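Peer 1: Could you have a look at this structure, given as C-alpha cells, before my questions?
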Amino acid sequence: MKSRGQSRRLQIKRTKENWARPEEVNTFAEIVKLYRQKKIGEEEFRRFRLQNGTYGSRMQANFSMVRIKVPSGIITPEQLEKLAFLSDGFSIGGAHVSTRQNIQLHWVQLDDVSEVLRGLEEVGLTTREACGNTIRNVVCSPFAGVCPNEAFDATPYAKAVAKFFLRNPMNQNLPRKFKFNFACCQEHSLVRIADVGLVPAVKEVNGQQVKGFRIYLGGGLGPASFIAELLEDFTPMDDVLPTCMATVRLFDRLGDREKMHRNRMRYLVHDMGFVKFQKLVLKERIIVNATKSTGVKLEIVEEETPSAAPAIVSHESNVNPTGFQRWLRTNTVPQKQRGYVMAFITLQSGDITSRQLKAIAEICREFSAEGCVRTTPSQNIVLRWVLRSDLPYLYEKLVAAGLANPGALTIASTVGCVGTASCNLAITNSHRLAKEIQGKFIELGIDTEDGLRDATIKISGCPNSCGQHEVATLGFYGGASRVNNSLAPTYIMLLGGSTGENASLGKVFTRIPAKKVIDILLKIIELYRQERKEGEKLNEWIDRILRGEGTGSVKNSEGLKVIVDKIAQLPSPEESPDSYVDYGNETRFTAKTARGECAA
Amino acid sequence: MRSLRSSEYHPGSRKYPILIEPYDLMKAIAKKKVRVVDVRKTEEYREGHLPTAVSIPLANVLNAEGLEKVVEVFENAGIDDDIHVVVYDDTFGALAARVAWTLEYIGHQNVSLLSVMYSTWKFMGLKTEKRNVVYKKAKHSLNVNKDILATVDYVNSSVGQDGKVLVDSRERLNYLDHHIPKAINIPWKTFSGENKILRSPGELKRLVQNRGISNTQEVITYCGSVGTLSGLAYYALQLAGYRNVKLYAKSLKEWKSLGLPTEIVHDANYWDLSAG
C-alpha cells in the first residue's frame, strides 16, 4: 500500500473556519441551570435553546436533538473525530446527516448539551442559529469547485454569506426561519426550494467576464410549497450581499409574525405576487447600497486548487476487489480537474456510527487532497480530490469500515427525515422506511441500472417536507388513515418532482399504506422497464405519463393509479396485523404528534 | 496528551490516587513499590503485559464463589493488605474498575487504576514484557466494606427515595429501551477521556453537577450485567469528589432475572436512528 507514495500527492491548502464562540458554551450551561431552577419560563427557554440549535426530542422534555451547523457541508477529520467522541459520550453513539448538510446528535440529555457545545467549540463548530427564527445553515452544492459545468466555485461565497449572517443582529428575530442554498450549476442545485437560491454565473460586460449569481427568491417546501423565482437575469458580485440583505430586511419587516403556519417568506411572496416582491427587493437593495457602511461586505477567501492531478500519476491500479466495479459506477464521478474523482459514501437515511465517523476521518486524511469531506443534501458524505488511481485502495478501506455500500448517486440512495425516530411532528417512521427501500434496492441491484440512476425517492414523516419529498421523482409524506376500520400508517405519494435550476414540484398521486410502499415502487419500476422508449430514464418516463403521453399499457397517471391502487389494498387487521404496524414498531399504529419545534 | 500529576488527586482518605499516570507507574515499578494487575484474558496477557504485572483475569474474580475465595485469588497474586495495587485492562478501564472495586470491597485500601488502557501504554512506546510473572502467595485479611455495595434489595428500596440517585451507566439507546424505574442515564462513555479511561476531575465534577446531582446525595451505579461499566462510573464519581457512591454489582441482569419492573421511554423509534 505504501508504494502508492504519499509524496506525489498534492495537498490543497484550505482555510480553517472557526464558527464557534467559547462564551456561548457557558451561557448555555447557565441558562439551562436557571431553567431547571424555574427562574426562566418555558417559552423564553425554548426560544433560547432553539437559537442555539437545540431542538426538543419526540415527546421528551429532558432529551434534545443538537443540530450542528455545517456551512457548505464542509467538515474536517478533526471535527469528525470530535463528533464521534461527543456522540459516544452524550448521544446514541452515532450521528445523523440532514438534507440541509447539518449533522445532528439525537437523544442528548438537555443538561449535557453545554458539554456537547464545549466539545464542538474546541474544533470550531457551532449550533448557533441552526434552529429557531434565524438564518439556518447555508447550503452549498457538494460539487462546488469540482463540477465540470459550474461557472466558478460557489463555496467561498456560500461561506462568506454564512459568516456574514451568523450572529448578525439583523437575523436574530425573523418572522420565521430563513434558508440560503448555493448551487454549482443548473443541475446540482436546490436553489429553487430555498428562500434565497444562488447559481454562479459569468456575464460579459463591456468585453469583460464578470462574476455574479442568478438569484432565486421565495421558494420552499412545506405543507404549501413554492418554487423560487428569478430576481433578475444576472446579479453582479457587488450586488450579491446587498440583495441578500435587502431580502432578509424585507422579510423581517413585512413577514407574518402571527400565523405560525404561514410565516415563511414564500407565503409573503406568494400573497403579494412575485412581481411586486421583486420590485420591493430591488428598491430595498438601493437603500441598502446607499446606507450600508463600507465595511459591510462579503469576506471572500479564494483558495487555489490544481487544474489536474500530478502527471506522474499515470499507472492505474490492477487491484479489483469484489464489488469495486459496481461501487465505482454508482458512487464516483470525475471532477473537472483531470485525474481527480469525487467518491460518495452511501449512508442509510443519513445515519452514521461513531466508529464510522472516525474511520472517515482517517480515510479523508489519507485520500482527499483537500483534507476535508462534505455532507450532501442526499444525506451522504463525499470525499473529493481523490486520485483516480487510489480508488481501489480507498474502496478497500471503506469496505473495512462498513461504508462501501453502492448506490449513492442512484435511486437507491433514498432520503428520509428522522420521522418518529425523534421528531414531534412526525406521524410515520419515514426514517426506517427509507432504509428499508435502500436495502431492498441494493439487494435487487436496482442501483446498477443506468435508466434508474437519475430518479430519486424522498420521504418525509409528515407534510412538512424535511425529507424534501416534493422534489423527488417518487416522493412520499406520512399520514394516518382509517383502513378497514383500523388506523394504518400511510403515505401520500407524489410523482414527477425534480431539483435543479428547472426544479418542479411533484404532483400528488395517491395514498398508499406504509407497508405497501416497496411493492408499489417495484411495480412502477417493472412497468417502466416494460414501457420505456429506448434510452428513456425512469424520471423521463414518469414525466411522460404525467403528461398523458404513455404509449404502452399505461397511458396517463389515472392508468397508473388503477394499477397502484390495486396493490395498495390492505387485507383486514385480522388477516394481516403487520399491515397496521409501522416500520420499526411492534405495536398497532397510533398517530401521535406534539408541538413542532421548527418555529421558535 | 496532557500529563496530570498524581498529586492532584487525593480525595478523602486515600493514600494513593484513584488514577495513576503511566510515567508515575513506571517509577513505582522501578522502585518495586507496586503490584501491577492485568485483568485481561490470559491469552492477551501472554502476548505481552506491563513490566512486573501479574495476571488476574476478571473472570477469575467474578467466578470465585464466596468472599474467602475472592480474597484467595488476590493472595495468589501476592497481594497483601498493604501493597499498592494498580489495575489495568484494554477495555476502556471498565474491567479494571470492577476488579479494583472488588479489592476495595474486601477491604484493600491501596488501589489505583492505570489512567490509560494497555493499547495506549503500548502506543506511548512504554515498556512491556512477555514473561509469566508469579509472586509468592501473600496473606490478605477480609474486612468487608459494605458501604460501597448496593444489593438488589437495597436498590429496590432506594427507588424514588429523596437523597438517592440511581445512575444507569449503559449506552443511551439501551437506557431508552428499558431501565430501572426512576434511574437517570449517564452513559459510561460520558466519563471517558479522549485518550484516558476517565476525564479530569474538574470535567467529571462539572458533568455530574450539570446533571443536578449534589455531593450530599447517595449515588448508586448500575449497568447491564456484572458491574464493569458501572464500576468505571463508580470511580468517575469518586474522582468528581462524590464520596457516597455504591455499585449495584449484579446490575440489570439480576434485576430482570428477578422479574422486577423496568421503565421504558415511549413514543419514539430511537433504535431506527442507529446506523450499520
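Peer 1: In whole Å, what is the distance between the alpha-carbon centres of segment A:60-89 and segment B:195-212?
Peer 2: Rounded to whole Å, the Cα centres lie 20 Å apart.
Peer 1: Next up: Rounded to the nearest Å, what's the spacing between the alpha carbon centres of segment B:62-138 and segment A:115-140? Just the number, please.
Peer 2: After rounding, the separation between the Cα centres reads 44 Å.
Peer 1: When the expected Rg is taken as 2.2 N^0.38 Å, what fraction or multiple of it is the alpha-carbon Rg of segment A:22-122?
Peer 2: This ratio for segment A:22-122 stands at 1.04.
Peer 1: Which order, highest average first, do A:217-223, A:268-274 follow once you tally other Cβ atoms within 10 Å for each residue and take the mean per peptide?
Peer 2: Ranking the peptides A:217-223, A:268-274 by packing returns A:217-223, A:268-274.
Peer 1: For peptide A:353-361, what's the mean number of Cβ atoms from other chains within 10 Å of each residue's Cβ?
Peer 2: The mean count of partner-chain Cβ atoms within 10 Å per residue comes to 1.
Peer 1: Sticking with this one: Within 10 Å of each Cβ of B:171-178, how many other protein chain Cβ atoms are there on average?
Peer 2: Other-chain Cβ atoms within 10 Å of each residue's Cβ, averaged: 4.
Peer 1: Quick check: pseudo-label points 7 Å beyond the Cα along Cα→Cβ at A:Arg338 and A:Arg253, how many nm apart are they?
Peer 2: 5.3
Peer 1: Taking the Cα atoms of segment B:149-273, what is the range of coordinates along each of the three principal axes, in descending order and whole Å?
Peer 2: 38, 35, 24
Peer 1: Quick one: 3J(HN,Hα) in Hz for segment B:105-113, Karplus 6.51/-1.76/1.60 with θ = phi - 60°, rounded, Gly and Pro as x.
Peer 2: Using θ = phi - 60°, the values come out as 5, 7, x, 7, 9, 10, 10, 10, 9 Hz.
Peer 1: Express the C-alpha Rg of segment A:250-377 as a ratio against the empirical globular expectation 2.2 N^0.38 Å, rounded to two decimals. Show your work: numbers first, answer last.
Peer 2: Working: Rg = 23.9 Å, N = 128, 2.2 N^0.38 = 13.9 Å.
That works out to 1.72 for segment A:250-377.
Peer 1: Quick check on packing: order A:523-533, A:123-133 by the mean number of other C-beta atoms within 10 Å, highest mean leading.
Peer 2: Output ranking for A:523-533, A:123-133: A:123-133, A:523-533.
Peer 1: Need one number: nm distance between label points at A:Ile40 and A:Glu443, each 7 Å from Cα along Cα→Cβ, rounded to one decimal.
Peer 2: Label at A:Ile40, label at A:Glu443, 4.8 nm between them.
Peer 1: For segment A:146-291, treating each Cα as an identical point scatterer without solvent, what Debye log10 I(q)/I(0) comes out at q = 0.10 1/Å?
Peer 2: Taking Cα atoms of segment A:146-291 as identical point scatterers yields -0.33.
Peer 1: Among all the lysines, which ones have a C-alpha under 16 Å from A:Lys203's C-alpha, if same-chain residues fewer than 8 places away are not counted?
Peer 2: Those lysines meeting the cut-off are A:Lys211.
Peer 1: Another question, then. Going by average Cβ density within 10 Å per residue, which order do the peptides B:146-153, B:243-250, A:44-51 take, highest to lowest?
Peer 2: By packing density, highest mean first, the sequence is B:243-250, A:44-51, B:146-153.
Peer 1: So for segment A:421-580, averaging the separation of alpha carbon pairs under 8 Å that are six or more residues apart and normalising by length, what relative contact order in percent results?
Peer 2: 18
Peer 1: Could you check how many percent of all C-alpha pairs in segment A:421-580 are farther apart than 27 Å?
Peer 2: Cα-Cα pairs in segment A:421-580 separated by more than 27 Å: 21 percent.
Peer 1: So what is the calculated 222 nm ellipticity per residue for chain B, using -39500 (n - 2.57) for each DSSP H run with n of 4 or more, over all residues, to the nearest 500 deg cm²/dmol? If you can, show how the numbers build up before the last one.
Peer 2: On the way: 11 runs with 90 residues, N = 276.
One gets -9000 deg cm²/dmol as the mean residue ellipticity at 222 nm.
Peer 1: Given +1 on the Cβ of Lys and Arg, -1 on the Cβ of Asp and Glu, and no further charges, what dipole in debye does the protein assembly as shown carry about its Cα centre, rounded to the nearest 20?
Peer 2: So the dipole magnitude of the protein assembly as shown works out to roughly 1240 debye.
Peer 1: Grab the beta carbon distance between B:Gln161 and A:Lys16, set R0 = 30 Å, and tell me the FRET efficiency rounded to 0.05.
Peer 2: Values: r = 50 Å, r/R0 = 1.68.
E between B:Gln161 and A:Lys16, to the nearest 0.05, is 0.05.
Peer 1: Another question, then. List B:Met26, A:Met65, B:Met117, B:Met124 from most exposed to least, where exposure is judged by having the fewest other Cβ atoms within 10 Å.
Peer 2: B:Met124, B:Met26, B:Met117, A:Met65
Peer 1: Per residue of A:23-36, count partner chain C-beta atoms within 10 Å of its C-beta, then hand back the mean as an integer. Don't skip to the answer; put the middle values down first.
Peer 2: Working: counts 0, 0, 0, 0, 0, 0, 3, 0, 0, 2, 3, 0, 0, 2.
For this peptide, the per-residue mean of nearby foreign Cβ atoms is 1.
Peer 1: Next question. Need the full-extension length gain, A:Glu396 to A:Glu204, defined as separation in residues times 0.36 nm minus the C-alpha distance. One decimal, nm.
Peer 2: Additional length available on full extension: 64.4 nm.
Peer 1: Sticking with this one: Hey, could you pull the Cα Rg and Dmax for chain A, both in Å?
Peer 2: Rg then Dmax for chain A, in Å: 23.8, 76.
Peer 1: Also, quick follow-up: How high is the FRET efficiency between A:Thr551 and A:Lys279 when r is their beta carbon distance and R₀ equals 41 Å, given to the nearest 0.05?
Peer 2: E(calc), rounded to 0.05, equals 0.35.
Peer 1: Then there's this: Which shape class applies to segment B:215-276: rounded if a/c is under 1.5, otherwise prolate when a/b exceeds b/c and oblate if not, where a ≥ b ≥ c are the square roots of the Cα gyration tensor eigenvalues?
Peer 2: prolate
Peer 1: While we're looking at this one, here's another question. Under unit Cβ charges (Lys, Arg +1; Asp, Glu -1), what dipole magnitude, rounded to 20 debye, does segment A:312-456 have relative to its Cα centre?
Peer 2: For this selection, approximately 240 debye.
Peer 1: Using a cut-off of 23 Å between alpha-carbon atoms, which lysines can reach B:Lys32, once sequence neighbours fewer than 8 places away in the same chain are excluded?
Peer 2: B:Lys32 reaches B:Lys15, B:Lys122, B:Lys127, B:Lys130, B:Lys136, B:Lys137, B:Lys139.
Peer 1: Taking only C-alpha pairs under 8 Å that are 6+ residues apart, what is the relative contact order of chain A in percent? Mind dumping the intermediate values first?
Peer 2: Working: 1331 pairs, mean separation 80.0, N = 600.
RCO, chain A: 13 percent.
Peer 1: Compute, for segment A:22-122, the length of the dipole vector about the Cα centre, with Cβ point charges of +1 (Lys, Arg) and -1 (Asp, Glu) only. Units Debye, rounded to 20.
Peer 2: Details: 13 positive and 14 negative charges, 95 e Å.
That gives a dipole near 460 debye.
Peer 1: Given 20 °C and 1.002 mPa s, how large is the Stokes-Einstein diffusion coefficient of segment B:4-103 in µm²/s, with Rh as the Kirkwood radius over Cα pairs? Show your work: numbers first, answer last.
Peer 2: Values: Rh = 14.2 Å.
Value of D from the Cα-based Kirkwood radius: 151 µm²/s.
Peer 1: Which of the lysines could a cross-linker span from B:Lys164 if the Cα-Cα distance has to be under 25 Å and same-chain partners fewer than 8 positions apart are dropped?
Peer 2: Partners within reach: A:Lys33, A:Lys38, A:Lys39, B:Lys146, B:Lys182, B:Lys189, B:Lys205, B:Lys246, B:Lys250, B:Lys253, B:Lys256.
Peer 1: Find, to one decimal place in angstroms, the Kirkwood hydrodynamic radius of segment B:137-188, where the mean of 1/r is taken over every pair of different Cα atoms and then inverted.
Peer 2: Averaging 1/r across every pair of different Cα atoms and inverting gives 13.2 Å.
Peer 1: Could you work out the helix-only [θ] at 222 nm for chain A, with each DSSP H run of four or more residues adding -39,500 (n - 2.57) and the total divided by the number of residues, to the nearest 500 deg cm²/dmol? List each step's numbers first, then the result.
Peer 2: On the way: 15 runs with 186 residues, N = 600.
So the calculated ellipticity at 222 nm is -9500 deg cm²/dmol.
Peer 1: Give the Cα extents of chain B along the principal axes, in whole Å, largest first.
Peer 2: Principal extents (largest minus smallest coordinate, Cα): 56, 40, 38 Å.
Peer 1: Which FRET efficiency value, to the nearest 0.05, is calculated for A:Lys507 and A:Glu302 with the Förster distance at 35 angstrom and r the Cβ-Cβ distance?
Peer 2: 0.25
Peer 1: Moving on. Using only the alpha carbons, work out the radius of gyration and Dmax of segment A:367-478 in angstrom.
Peer 2: For segment A:367-478, the Cα radius of gyration and maximum Cα-Cα distance read 15.5, 47 Å.
Peer 1: Please turn the phi angles of segment B:226-240 into ³J(HN,Hα) values with the Karplus equation 6.51 cos²θ - 1.76 cosθ + 1.60 (θ = phi - 60°), one per residue in order, whole Hz, x for glycine and proline.
Peer 2: Couplings: 10, x, 7, 4, 6, x, 5, 4, 4, 6, 4, 5, 4, 5, 6 Hz.
Laboratory data are not the source of any read-out in this text; all were calculated from the coordinates shown. Source: prediction; values computed, not measured. Every residue, glycine as well, gets a Cβ built from its backbone with ideal geometry; the counts of neighbours run over all protein chains shown.
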